Amino acid sequence: MKKPLLLLCLVLAALTMVGPAQRAQSTPPLKEAFKSAFLIGAALNRRQFSEQDSRALPIIKAQFNTISPENQLKWQYVHPRPDTYDFEGSDRYVAFGEQYQMVIIGHTLVWHRQTPAWVFQDGKGNQVDRETLLSRLHEHILKVVGRYKGRIKGWDVVNEALNADGSMRQSPWYKIIGEDYVAKAFEFAHQADPQAELYYNDYSLENEPKRNGAIKLIQKLKTRGIPIAAVGLQGHNKLDWPTMAQQDDTIGAFAKLGIKVNITELDIDVLPYVAEEMGPTIKIADQPTLNPYASGLPESVSRLQAKQFAGLFQVYLKHRDVIDRVTFWGVTDGDTWLNNWPVRGRTNYPLLFDRDGKAKPALEAVVKTALGVQ
Ligand code: GLA
């Protein structure tokens with residue numbers, strides 16, 4: 001047989017051998033499917049951005065064009081003691097993003113969690129005053145944001161400043177500095193990198209009272225001339241929450257403020273609800289009904305989850321003009337925080353890739369929304 005003819009036969013033979021597994025791989029990657037709408041991202045843990053997680057790495061490179069650090073830039077890691085900054089992990093995170101040409105996000109500068117106790121105390125363990133805390137905050141932000149100036153595109157400046165009823169959370173930041181700690185943090189971040197986008201990030205803003213609190217907070221920042229670029233809706237969702245109407249109204253309400261709306265920590269929890277404060281009191285071995293899918297996710301639940309994900313993406317696509325980025329909080333079900341929160345040792349399934357790194361039905365459902373297929 002002549003060479004070109006032989007080649008053609010080989011190609012045809014290969015094509016007829018393509019099975020379901022290969023066809024699944026031909027689903028376009030998320031970042032391609034949503035290219036004309038918004039960026040698609042994932043939060044990475046240290047093993048992932050250090051290229052040690054061989055299961056997640058191919059998924060990250062193929063599917064995502066933006067990354068967030070799951071923990072590495074939080075105060076406790078980057079500034080563990082008053083005179084010690086540790087940038088070893090965060091330098092790697094940023095280098096990873098640059099190596100693979102991803103949009104790099106910073107998370108988070110001011111939060112009530114994962115912040116060491118010394119930040120709020122003097123050498124004797126007494127609470128510091130407003131001026132001391134403001135000057136610590138200033139130093140921290142200048143140092144951290146300044147280090148990655150021009151490399152990290154945007155920062156979650158303040159995370160979770162609000163209560164469920166929309167009032168300000170009584171965090172140490174609020175109690176010691178007062179309400180303007182939020183504005184101050186934004187001003188310091190802007191000073192450190194005037195080009196960086198600055199965000200306010202929170203969860204459950206789909207619930208009206210909390211959403212209204214966030215709207216007020218953002219309006220106040222804007223009145224003060226603070227350049228807030230976007231609100232981050234964390235998107236830690238459930239199979240039946242938020243409703244599509246709540247999601248739609250929420251994005252629409254923030255868009256009216258003239259800012260962007262990013263989805264920053266997307267996942268869909270499939271396990272029975274446990275109140276946060278109850279979590280630590282529960283031993284899963286004693287209460288197996290709270291961990292119903294330890295040996296696998298039933299198809300019916302997997303379908304429900306795919307439907308909820310697809311519904312959300314339809315809403316996101318409707319608002320594509322104000323959404324810059326949709327970021328999942330993790331890569332595979334094996335590495336999600338929801339396996340250990342609020343109860344330790346459960347088996348959750350909140351993401352688009354399973355524990356073996358295989359695409360779940362939800363992935364196809366999401367991609368189909370981009371292609372306009374139901
Ligand atoms: C919040 C924070 C994140 C992360 C998640 C849980 O949403 O913003 O940094 O800690 O909780 O992992």
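For the reader, a short list of remarks on this structure follows.
- Leu266 touching a Ser or Thr at 6+ places or on another chain (Cβ under 8 Å), within 15 Å of the ligand (Cβ to nearest atom) and in contact (Cβ under 8 Å) with a residue 40 or more places away in the chain: yes
- Among the residues making up region 321-374, those that are within 16 Å of the ligand (Cβ to nearest atom), of a type in the set (D, E, K, R) and in contact (Cβ under 8 Å) with a residue 40 or more places away in the chain are Arg325, Asp335, Arg344, Arg346.
- Number of residues in region 114-145 that are surrounded by 13 or more Cβ atoms within 10 Å (Cβ to Cβ) and within 16 Å of the ligand (Cβ to nearest atom): the value is 3.
- In region 89-108, residue surrounded by the most Cβ atoms within 10 Å (Cβ to Cβ) [restricted to those that are away from the ligand (no atom under 12 Å from the Cβ) and assigned to a strand (DSSP E or B)]: Ile104
- Filter result for Trp111 (within 16 Å of the ligand (Cβ to nearest atom), in contact with a Pro (Cβ under 8 Å, 6 or more places away or on another chain), of a type in the set (A, V, I, L, M, F, W, C) and closer than 27 Å to Gly213 by Cα): no
- Pair list, Cβ under 7 Å, 6 or more apart: region 105-120 residue farther than 23 Å from Ala95 by Cβ and at pLDDT 95 or above, other residue charged (D, E, K, R) and in a helix (DSSP H, G or I): Val119/Arg136
- Annotation note: Cβ proximity below 9 Å between a residue of region 279-302 that is polar (S, T, N, Q) and a residue that is assigned to a helix (DSSP H, G or I) and surrounded by fewer than 15 Cβ atoms within 10 Å (Cβ to Cβ) (sequence gap 6+ or interchain) occurs for no pair.
- One residue from Lys184, Lys149, Lys153 being among the charged types (D, E, K, R) and in contact with a Gly (Cβ under 9 Å, 6 or more places away or on another chain): Lys153
- Of the strands (runs of 3 or more DSSP E) lying entirely inside region 160-245, those carrying at least 3 residues that are of a type outside the set (Gly, Ala, Ser) and under 17 Å from the mean Cα position of the chain (by Cα) are 197-202, 236-238.
- Taken over region 71-86, the criterion of being within 21 Å of the chain's Cα centre (by Cα) and either of a type outside the set (D, E, K, R) or more than 16 Å from the ligand (Cβ to nearest atom) (or both) is satisfied by Asn71, Gln72, Leu73, Trp75, Gln76, Tyr77, Val78.
The values are calculated or read from the model by the stated rules, or taken from the named source; none is laboratory data. This one's a predicted model, so the numbers in the text were calculated from it and none came from an experiment. Counting neighbours? That spans all protein chains shown, and the Cβs are built from the backbone with ideal geometry, glycine included.
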